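Report on the structure given below.
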Amino acid sequence: MPCEVLRVDPVSPSPDVIARAAAVVRAGGLVAFPTETVYGLGANALDPAAVARIFTAKGRPAANPLIVHVAEIADARTMVAAWSDLAQRLAERFWPGPLTLVLPKHSSVPDPVTAGGPTVALRIPAHPVALALLRACGLPLAAPSANRSTELSPTEAGHVLRGLADRIDLLLDARPTMGGLESTVLDLTTTPPRLLRPGLVTITQLEALLGPIARAPSDPAQPVRSPGQMARHYAPQTLLEVVTHSRDRVEVLCGQGRRVGWLTHHTSEKIDSANVLRILMPAEPVSYSAQLYAALHRLDDLGLHCIVVETPPSGDDWLAVHDRLRRASTEYHQP
Ligand code: TXA
Ligand code: MG
């Protein structure tokens with residue numbers, strides 16, 4: 001049965017709608033809700049049966065742990081065995097916001113949430129709807145991105161329905177999310193802290209506060225420390241190539257009669273062909289991030305031969321974009 005969809009104002013959500021969603025969470029149900037990054041699929045993090053339903057709905061391997069979302073720093077502290085000065089400083093600087101901290105878990109955190117591991121990932125989301133829901137249910141919410149495992153994350157309610165419509169109880173539709181890419185995941189159990197997933201909080205911002213941090217291996221063939229860093233992830237159904245001089249590549253494919261989606265940030269490059277669907281991307285990382293998944297979802301619906309992406313600029317502020325494109329692609333050319 002398709003899930004219930006409730007529209008909600010992204011800035012001042014109706015208390016009635018939020019109360020309805022909180023009741024679903026408290027009853028052990030699954031609620032998809034907006035965060036400032038992407039839509040999440042939330043369940044009561046303290047209820048192992050509810051958490052198990054997340055894994056089933058997504059087809060997610062049980063070995064991939066979930067992020068726990070809370071409303072206050074005080075709530076985060078109840079989920080960990082030890083809260084450090086460093087955690088406090090980071091939380092005060094970046095929460096609510098797109099930074100996830102990995103810390104030693106408290107014994108009360110159910111095993112399915114952490115995939116049986118000794119650490120728990122925590123964040124306070126910066127979205128009025130997410131915060132209102134957390135406060136109304138008075139519970140921590142385990143919430144991965146609201147997509148089937150390995151597929152593209154959802155930045156709009158329609159993206160959630162495409163993958164999960166008949167697998168969840170309720171969807172709060174608050175229009176497109178602002179951030180567009182998932183949170184930065186930072187492991188605080190190592191010295192120095194280690195970046196496990198680049199995201200909307202940049203390495204530059206983190207190092208300004210912490211000094212040098214360790215980076216996740218950029219080579220997907222390296223052993224993974226964070227299961228979400230598996231090589232194929234965040235991927236559309238359509239083949240995707242990331243290349244420099246993408247215009248040449250698109251022309252070749254077009255010449256072979258292929259229908260091609262083309263993502264480029266070079267305004268001057270055009271190809272006049274009905275077989276090419278060009279999406280012009282911003283040449284600046286924050287706006288590029290915000291629009292990337294929506295662009296890929298849109299092209300993915302068209303049954304194209306492939307999607308060709310012009311390699312975005314290099315630099316630390318583009319790290320998250322490169323990370324997601326690398327995992328979405330069958331072919332990836334370094335900047
Ligand atoms: O922006 C986001 O982070 C979104 C919104 C909904 O908050 N959530 C999200 O969740 O992207 P998910 O499950 O799609 O990605 C969580 C990432 C995965 O790479 C997972 O392996 C990693 O965080 N993770 C979770 N718990 C961890 C832990 N205890 N240790 C290391 N990595 C962990
Ligand atoms: Mg995900």
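With a Förster radius of 35 Å applied to the beta-carbon distance between VAL11 and ASP248, the computed FRET efficiency rounds to 0.20.
The trypsin sites (Lys or Arg not before Pro) of region 65-122 include none that meets both conditions, a loop assignment by DSSP and at most 11 other Cβ atoms within 10 Å of the site Cβ. Normalising the average separation of contacting C-alpha pairs (under 8 angstrom, six or more residues apart) by the number of residues puts the relative contact order of region 6-161 at 35 percent.
Ordered from largest to smallest accessible area (heavy atoms of protein chains, 1.4 Å probe), the residues ASP323, ASP16 come out as ASP16, ASP323.
The convex hull drawn around the Cα atoms of the chain, when projected onto a plane and averaged over every direction, covers 16.5 nm². Taking amide hydrogens as placed 1.01 Å from N in the peptide plane, the amide H of THR119 sits under 5 Å from those of LYS105, each at least 5 positions away in sequence or on another chain.
Show me the ranking of peptides 282-289, 207-214 by mean Cβ neighbours inside 10 Å, starting with the highest.
Ranking the peptides 282-289, 207-214 by packing returns 282-289, 207-214.
In region 81-145, the portion of solvent-accessible area held by carbon and sulfur atoms comes to 54 percent [1.4 Å probe, whole percent, DNA, RNA and ligands not counted].
The protection proxy used here, the mean number of other Cβ atoms lying within 10 Å of each residue, ranks peptides 240-246, 63-69 as follows, highest first: 63-69, 240-246. Placing a pseudo-label 7 Å from each Cα along the Cα-to-Cβ vector at ALA49 and GLU284 gives an inter-label distance of 5.1 nm. Apolar share of the accessible surface for region 1-71: 62 percent from carbon plus sulfur atoms, 1.4 Å probe.
Peptides 107-113, 309-315 ranked from most to least packed, by the mean per-residue count of other Cβ atoms within 10 Å: 309-315, 107-113. Given R₀ = 56 Å, FRET efficiency for THR267-SER107 by Cβ-Cβ distance, to 0.05? After rounding to 0.05, the efficiency reads 0.50. Taking every protein chain into account, the accessible area of region 45-148 amounts to 36 square angstrom per residue (probe 1.4 Å).
Solvent exposure of region 233-279, expressed per residue, is 51 Å² of accessible area, with all protein chains present and a 1.4 angstrom probe.
Fully extending the segment from GLU72 to ARG259 would add 62.4 nm, taking 0.36 nm per residue of separation and subtracting the current Cα-Cα distance.
The values are calculated or read from the model by the stated rules, or taken from the named source; none is laboratory data. A quick note: this is a predicted structure, and the numbers were derived from the prediction, not measured. Reconstructed Cβ throughout: ideal geometry from the backbone, glycine too, with neighbour counts over all protein chains shown. Heads up: the accessible areas ignore ligands, DNA and RNA and are worked out on the full protein's heavy atoms, side chains in. Shrake-Rupley method; radii C 1.70, N 1.55, O 1.52, S 1.80 Å.
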